[in-house]
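In what follows, a single structure is set out as structure tokens and then discussed.
The values are calculated or read from the model by the stated rules, or taken from the named source; none is laboratory data. Quick caveat: nothing in here was measured; it's all calculated off a predicted structure. A quick note on method: Cβ atoms are made from the backbone with ideal geometry, for glycine too, and the neighbour counts reach across all protein chains shown. For accessibility, only protein heavy atoms count, side chains too; no ligands or nucleic acids. Shrake-Rupley method; radii C 1.70, N 1.55, O 1.52, S 1.80 Å.
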Amino acid sequence: MIVDLPNTTSSKISKTLVKIREEGGAVALGRVLTLVISTTLGEEEEAIEAANDASREHPMRVIVVSTDQGNGHNDGDARVDAQIRVGGDAGASEVVVVKAYGDAAIDQESLVTGLLLPDAPVVAWWPGNAPEVVSESAIGRIAQRRITDAAASSNPLDAITVISSSYQPGDTDFAWTRLTLWRAQLAAVLDQPPYQPVTAVEVHGAADSPSTVLLAAWLQLQLEVEVTLTVSSKSHGSSGIQGVTLTRESGDIGLERTMANVATLVQPNQPTHDISLPRRSLRDCLAEELRRLDPDELFGDVVKRGVGQLGKPGTSPTGTGAHA
């Protein structure tokens, strides 16, 4: 069910939610958190779809704050339009879409405060460009967890640098979440004999892939060896992270993505294996981040210490692709 509320207020939206619960049986019981999505006008639906899918694992209230700020179109009359989605149009959640125009878009915190679930944690997500310091933004101040996506920003590598300098406990980024399968596979390889120390590491990926930078920083911190980071154009039909080589006394271990969702694992004295290593969807990344509401200390360590310790990456002709 979808209920449109043109030219409305936060108070009217809240009263309509109560009315829908009383008349239609849609209840907030069992909601474990409030997810606040901050986006720009016209770019809401992909984020809403991901949130609806993730809500089947994490029942929640989704509040989408969509404004025209930053696009040079903030001179019109102040107005707030809203839409409430429940039932089949909202997965296992209830979705409130708030579209603010003109001066009404300036104070995003006031748009959502009256719609938050009582006594439930708040998670904020910026699917596109995020504030420079998310923890000090209007929505970031009320959230326990703050999720950004460097790969969706206009300059992904600069976005990682900004995160590194402004990180506060509770911040995280999908560029890190997309590394989960890569980190698990590399850890599994090194957990097998021979248990020799890694003496050198090479990571290569697309020139605009923030996940490649974070993977190199994580390996350097964990293995305590210098990592050679090489960025290049699209290779073997793959963007994002393209491959990792770990050097040990017995030989090199190579994990190379040769196709979009398949990586080839080469180890000394062992047969070559093709491993499923799919790119993670927005739904998968969001669902994983919502499984923990405490600060991700490892991510903080990687962006605060690891990124700064990386040497300047080697460069080849730049290409496209910003996903893991």
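Using 5 Å bins from zero, what percent of all Cα-Cα pairs in segment 143-255 falls into each bin?
2, 11, 20, 23, 18, 13, 8, 4, 1, 0
Let me have the 222 nm mean residue ellipticity of the chain computed from DSSP H runs of 4+ only, each contributing -39500 (n - 2.57), with the sum over all residues rounded to the nearest 500. Before the final figure, lay out the partial values.
Working: 9 runs with 84 residues, N = 324.
Taking each H run of at least 4 residues, the total per residue is -7500 deg cm²/dmol.
Under a 1.4 angstrom probe, counting protein chains only, how are GLU288, GLU22, GLU57 ranked by accessible area, largest first?
GLU22, GLU57, GLU288
Modelling each spin label as a point 7 Å along the Cα-to-Cβ direction, I'd like the ASP81/VAL225 distance in nm, to one decimal.
If labels sit at ASP81 and VAL225, their model points lie 5.7 nm apart.
Please give the solvent-accessible surface of SER93 in Å², to the nearest 10, using a probe radius of 1.4 Å with every protein chain present.
Near enough 0 Å² of accessible area.
Report the FRET efficiency, 1/(1 + (r/R0)^6), for VAL189 and THR161, where r is their Cβ-Cβ distance and R0 is 22 Å, rounded to 0.05.
Result of the calculation: an efficiency of 0.15.
Of the heavy-atom accessible surface of segment 90-141 (probe 1.4 angstrom), what whole percent is carbon and sulfur?
Of the solvent-accessible surface of segment 90-141, carbon and sulfur hold 47 percent.
Mind checking the angle between helix 10-24 and the chain's longest principal axis? C-alpha axes, 0 to 90 degrees, to the nearest 10.
90 degrees
With a 1.4 Å probe and all protein chains left in place, how much accessible area per residue does segment 179-311 have, in Å²?
44 Å²
Which residue, ALA188, ALA124, ALA200, tops the fluctuation ranking in a GNM of the chain built on C-alpha contacts under 10 Å?
Comparing ALA188, ALA124, ALA200 in a Gaussian network model of the chain, the most mobile one is ALA188.
Could you identify which residue out of ILE241, ILE20, ILE48 has the top mean-square fluctuation in a GNM of the chain using Cα springs shorter than 10 Å?
Looking only at ILE241, ILE20, ILE48, the biggest GNM fluctuation is shown by ILE20.
Would you look at the GNM of the chain, springs on alpha carbons closer than 10 Å, and say which of PRO193, PRO121, PRO156 moves the most?
PRO193
Rounded to the nearest 10 degrees, what's the angle between the helix 156-166 long axis and the longest principal axis of the chain, both from Cα atoms, 0 to 90?
Relative to the chain, helix 156-166 is tipped by roughly 80 degrees.
Sorted by packing (mean other beta-carbon atoms within 10 Å per residue), highest first, where do 96-108, 6-18 land?
Details: 96-108: 20.3, 6-18: 14.4.
Averaged packing, sorted descending, gives the order 96-108, 6-18.
May I ask for the angle, rounded to the nearest 10°, between helix 45-54 and the longest principal axis of the chain, with both axes built from Cα atoms and the value confined to 0 to 90°?
That works out to roughly 80 degrees.
Whole angstrom only: what separates the Cα centroid of segment 181-204 from the Cα centroid of segment 130-155?
32 Å
Please grab the % of Cα pairs in the chain that end up more than 29 Å from each other. Could the numbers behind the result be given before it?
Values: 22210 of 52326 pairs.
Percent of Cα pairs beyond 29 Å in the chain: 42.
Keeping all protein chains in position, work out how much accessible area LYS304 exposes to a 1.4 Å probe, and write it in Å² to the nearest 10.
Rounded to the nearest 10, that gives 120 Å².
Would you mind calculating the relative contact order of segment 153-277 from Cα pairs under 8 angstrom and at least 6 residues apart, reporting the percent as a whole number?
In percent, rounded to a whole number, it is 20.
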